[in-house]
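Report on one structure; see the data block that follows.
Laboratory data are not the source of any read-out in this text; all were calculated from the coordinates shown. Not measured: the values here are computed from a predicted model. Here the Cβ positions follow ideal geometry from the backbone for every residue, glycine too, while neighbour counts run over all protein chains shown.
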Amino acid sequence: MTTAVLALQGAFAEHESRLKELGETVIELRDSDDCALAFDRLILPGGESTVQSKLLKERGMDTLLRRKIEEGMPTFGTCAGMILLAQHVDNGQGGDTQSGALATFPACVRRNAYGRQLGSFHTVDTFADMQVPMTFIRAPYLDSVEDSVSVLSRVDGNIVAARWKNQLVTAFHPEVDSDTSVHEYFLRM
């Protein structure tokens, strides 16, 4: 099976490294032509969600990827990737919300919920009944989710990982730690 990683900006190389450690075939998506390649899964990495959203639209990738996700392709969004997937995004400006570039995950995400770069932190906590390292970098969290969403992890009471149908989201960056448990969970989806 082949996993595609959105390679417009952000931590895509780190995801590719983890996948290759697990023996996966990996391709990069950089423009709309790449979306026509054969792949079975999709990872949307952390980085700058605003930049990624803009590039997805400019390169005509947003509609193509949204269709694949809605048709059931297993998709994993980390940090900025979680923001791209969210149906509602709270920018922390008086309750004003918008939708993520792909808007396929029924939840509201709060951008930069833990503050700026200085608010970044590392912890070990439970994800889907496993203890995993969690690195949060200018991280969001899920403010609210629809009832059909399975919450997989909370840190300090905040939802930092969840699954809905074929979609997995994490506020933390499993790709920057050597533990591959979260990627293995995704590959089993």
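Using a Förster distance of 22 Å, how high is the FRET efficiency between residue 27 and residue 48, based on the Cβ-Cβ distance and rounded to 0.05? In this case the efficiency is close to 0.50. Peptide packing: for 48-59, 98-109, the average count of neighbouring Cβ atoms within 10 Å per residue gives the ranking 98-109, 48-59, highest mean first. So if we plug the beta-carbon distance of residue 20 and residue 130 into 1/(1 + (r/R0)^6) with R0 = 25 Å, what FRET efficiency do we get, rounded to 0.05? Taking R0 as 25 Å, the efficiency between residue 20 and residue 130 is 0.70. Considering helices alone, the calculated mean residue ellipticity of the chain at 222 nm is -6500 deg cm²/dmol, with DSSP H runs of length four and up weighted by -39500 (n - 2.57) and normalised per residue. Note: relative contact order over the chain, using C-alpha pairs below 8 Å and six or more positions apart, is 18 percent.
Shown here for segment 138-189: GluC sites (Glu not before Pro) in loop regions (DSSP other than H, G, I, E, B) with at most 13 other Cβ atoms within 10 Å, namely 146. Tell me which lysines have Cα within less than 23 Å of residue 57's Cα, excluding those fewer than 8 residues away on the same chain? Counting by Cα, and skipping residues close in sequence, residue 57 has these lysines nearby: 68. Here the extension length gained between residue 122 and residue 158 equals 11.5 nm, from 0.36 nm per residue of separation less the Cα-Cα distance.
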